[in-house]
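Step one of this worksheet: look at the structure below.
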Amino acid sequence: MFKVAVIGSTGYAGAELVRIVSAHPQAELTMITSRQYAGQPFSDVYPAMAGIVNLTCQSFSAEAVSEAADVVFTALPHKTSMEVVPGLVARGKKVVDLSADFRFKDPAVYEAWYEPHEAKDLLKTAVYGLPEIYFDDIQNASLVGNPGCYPTSVLLPLLPIIKATFVDPDSIIADSKSGASGAGRSVSLASHYCEVNEGLKAYNVAKHRHNPEMDEVLSLFCGRTIRTTFTPHLVPMTRGMLTTIYVELTEDVSIQDVASLLDSFYADKPFVRICSPGRFPNTLHVKGTNYCDIGFQVATGTKRLVLISAIDNLVKGASGQAVQNMNIMLGLPETAGLDQLPFLL
Ligand SMILES: NC(=O)c1ccc[n+]([C@@H]2O[C@H](COP(=O)([O-])OP(=O)(O)OC[C@H]3O[C@@H](n4cnc5c(N)ncnc54)[C@H](OP(=O)(O)O)[C@@H]3O)[C@@H](O)[C@H]2O)c1
């Protein structure tokens, strides 16, 4: 059994890690931390885990965490992660960080969108944790920067087709809708029930921090600069993310061509399900699971390809993907602990 710690265990992503790791057949949760709830049983904070998780939240100490665990998940806000992660990596721990702090290759891009980076050296060795693309690099990584939820939902449908000769990579428009848990557990006016319920709004239009993240990955993957137009929306549901992407086609392409390309790209990838032509993803079908469902359509008469993805923002968009990365780093089956069946409705 590998010993696992979750730092920031009472936030939404951290708590989801606690849920998944608790049922993992080859991992044992040995340490959970929180500032606000230090000294309190986890099951007092999340009563759903009564009788399942018997750990008490601890204050963070790099020494204590390193003694207790082989692998550490840091589910902290950006900036806080870069203060915590170097001490864990220096102690030889394998770390999967869920914040944005170790996702970027170019520190200047990070600093333009976030703040000054205090652990730039680690960016050279940190691996972007999108397993469907970077599996080999993740196997050898000691630090993985787990992707953002929006980039995961945009990159998985787009990467298989972006290098094809029949698409115009300068024409990408992505439009995402996220459930309110994407904003985290701390209280804010923007995620207040009355501000979210029965409403639907765009926010950070064409200036969301996940836009440069997806653009950097797309550009590195294609070997040329790519700039997407990305608009996120907040929808009145707790979990789930649906993304619609529009790309111009430079030649006539049939829906069967797109189906073959996606099917062959993801043939041996356990968590990506390609919908048959004419069927489209639904956030309900992936809720609580690590699946990303992808549908597509060629808009007749317009030479435009439409790609649609659905993920659970807390699972494939955060903690499930983080466990998938841990599995790969440890040489475990990629699907270990991630075999939750979807609800039917
Ligand atoms: N929610 C999502 O769907 C999602 C998806 C992908 C990635 N992420 C990323 O995952 C990370 C956690 O997100 P979240 O949604 O779980 O946020 P959250 O619900 O606000 O939780 C943040 C956690 O970090 C701890 N924390 C906050 N400030 C801290 C500080 N200054 N020092 C130490 N600990 C601090 C909090 O607990 P205490 O205050 O008790 O210590 C809490 O456990 C973020 O970087 C986020 O961008 C989230």
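Would you confirm, using the coordinates I've provided, whether SER43 is of a type in the set (Gly, Ala, Ser) and either free of Cβ contacts under 8 Å to residues at least 60 places away in the same chain or not assigned by TED's automatic domain parsing to the domain that holds ASP97 (or both)? Reasoning before the result, please.
Details: of a type in the set (Gly, Ala, Ser): yes; either free of Cβ contacts under 8 Å to residues at least 60 places away in the same chain or not assigned by TED's automatic domain parsing to the domain that holds ASP97 (or both): yes.
So SER43 passes the test.
I want to confirm something. Restricting to the stretch 16-32 and keeping residues that are crowded, with 24+ Cβ neighbours inside 10 Å and within 13 Å of the ligand (Cβ to nearest atom), which single residue is farthest from the chain's Cα centre (by Cα)?
The residue in question is ILE32.
Search the stretch 167-192 for residues that are within 10 Å of the ligand (Cβ to nearest atom) and pair each with any residue that is aromatic (Phe, Trp, Tyr) and modelled with pLDDT of 95 or more when their beta-carbon atoms are under 6 Å apart and the residues are at least 6 apart or on different chains.
SER181/TYR12; GLY184/TYR12; ARG185/TYR12
What do you reckon, is ASP106 within 14 Å of the ligand (Cβ to nearest atom), touching a residue at least 24 places away in the same chain (Cβ under 8 Å) and within 30 Å of GLY223 (Cβ to Cβ)? Explain how you work it out, then say what you get.
Working: within 14 Å of the ligand (Cβ to nearest atom): no; touching a residue at least 24 places away in the same chain (Cβ under 8 Å): yes; within 30 Å of GLY223 (Cβ to Cβ): yes.
Judged against the criteria, ASP106 is not a match.
Taking the stated definitions as given, is TYR114 surrounded by 17 or more Cβ atoms within 10 Å (Cβ to Cβ) and free of Cβ contacts under 8 Å to residues at least 40 places away in the same chain? Walk me through how you get there before you give the answer.
Working: surrounded by 17 or more Cβ atoms within 10 Å (Cβ to Cβ): yes; free of Cβ contacts under 8 Å to residues at least 40 places away in the same chain: no.
Criteria not met by TYR114.
With the condition kept exactly as written, say whether any residue in the stretch 164-182 is under 28 Å from THR10 (Cα atoms) and aliphatic (A, V, I, L, M).
Taking the stretch 164-182 first, the residues under 28 Å from THR10 (Cα atoms) are 176-182.
Now narrow it down to the ones that are aliphatic (A, V, I, L, M): 180.
Yes - at least one qualifying residue is present in the stretch 164-182.
Which helices (runs of 4 or more DSSP H) does the stretch 182-293 wholly contain that include 3 or more residues that are assigned by TED's automatic domain parsing to the domain that holds PRO169 and polar (S, T, N, Q)? Please lay out each step first, then the result.
On the way: elements: 193-196, 210-222, 255-265.
Of the helices (runs of 4 or more DSSP H) lying wholly inside the stretch 182-293, those with at least 3 residues that are assigned by TED's automatic domain parsing to the domain that holds PRO169 and polar (S, T, N, Q) span 255-265.
Just to be sure, is ALA164 closer than 25 Å to ALA112 by Cα and either away from the ligand (no atom under 15 Å from the Cβ) or surrounded by fewer than 22 Cβ atoms within 10 Å (Cβ to Cβ) (or both)? Break it down stepwise before answering.
On the way: closer than 25 Å to ALA112 by Cα: no; either away from the ligand (no atom under 15 Å from the Cβ) or surrounded by fewer than 22 Cβ atoms within 10 Å (Cβ to Cβ) (or both): yes.
Answer is no for this residue.
Search the stretch 142-166 for residues that are within 13 Å of TYR128 (Cα to Cα) and pair each with any residue that is of a type in the set (Asp, Glu) and surrounded by 23 or more Cβ atoms within 10 Å (Cβ to Cβ) when their beta-carbon atoms are under 8 Å apart and the residues are at least 6 apart or on different chains.
Short answer, once both residue conditions are applied: LEU143/ASP97; VAL144/ASP97; GLY145/ASP97; GLY145/ASP101; ASN146/ASP97; PRO147/GLU213; GLY148/GLU213; PRO151/GLU213.
Any chance the stretch 181-196 includes a residue that's closer than 30 Å to ASP257 by Cα and of a type outside the set (Phe, Trp, Tyr)?
The first filter runs over the stretch 181-196 and keeps only residues closer than 30 Å to ASP257 by Cα, leaving none.
No, that holds for no residue.
Somewhere in the stretch 144-161, is a residue of a type in the set (Phe, Trp, Tyr) and more than 12 Å from the ligand (Cβ to nearest atom)?
Filtering the stretch 144-161 down to residues of a type in the set (Phe, Trp, Tyr) leaves 150.
Within this subset, residues satisfying the condition of being more than 12 Å from the ligand (Cβ to nearest atom) are none.
No - not one qualifying residue is present in the stretch 144-161.
When the residues of the stretch 264-292 are filtered to those that are closer than 19 Å to LEU159 by Cβ and hydroxyl-bearing (Ser, Thr, Tyr), which remaining residue is surrounded by the fewest Cβ atoms within 10 Å (Cβ to Cβ)? Before you say what the answer is, go through the steps one by one.
At the first step, the residues of the stretch 264-292 found to be closer than 19 Å to LEU159 by Cβ are 264-275, 281, 286, 290-292.
Those left that are additionally hydroxyl-bearing (Ser, Thr, Tyr): 264, 266, 291.
Working: SER264: 11, TYR266: 18, TYR291: 23.
The selected residue is SER264.
How many residues does the stretch 163-181 hold that are part of a strand (DSSP E or B) and of a type outside the set (A, V, I, L, M, F, W, C)? Reasoning before the result, please.
In the first step, residues of the stretch 163-181 are kept if they are part of a strand (DSSP E or B); the result is 167, 173-178.
Next, only the ones that are of a type outside the set (A, V, I, L, M, F, W, C) stay: 175-178.
The number of residues fulfilling the criteria is 4.
Pairs needed: first member in the stretch 1-21, under 19 Å from PHE60 (Cα atoms); second member anywhere, acidic (Asp, Glu) and crowded, with 24+ Cβ neighbours inside 10 Å; C-beta distance under 7 Å; at least 6 residues apart or different chains.
Nothing qualifies.
With (1) on the phi < 0 side of the Ramachandran plot; (2) within 15 Å of the ligand (Cβ to nearest atom); (3) among the small types (Gly, Ala, Ser) as the list, and GLY39 as the residue in question, which single condition is left unmet?
(1)
The values are calculated or read from the model by the stated rules, or taken from the named source; none is laboratory data. In this text the structure is predicted, and so the values were computed from the model without any measurement. Note that we place each Cβ from the backbone using ideal geometry, even for glycine, and neighbour counts take in every protein chain shown.
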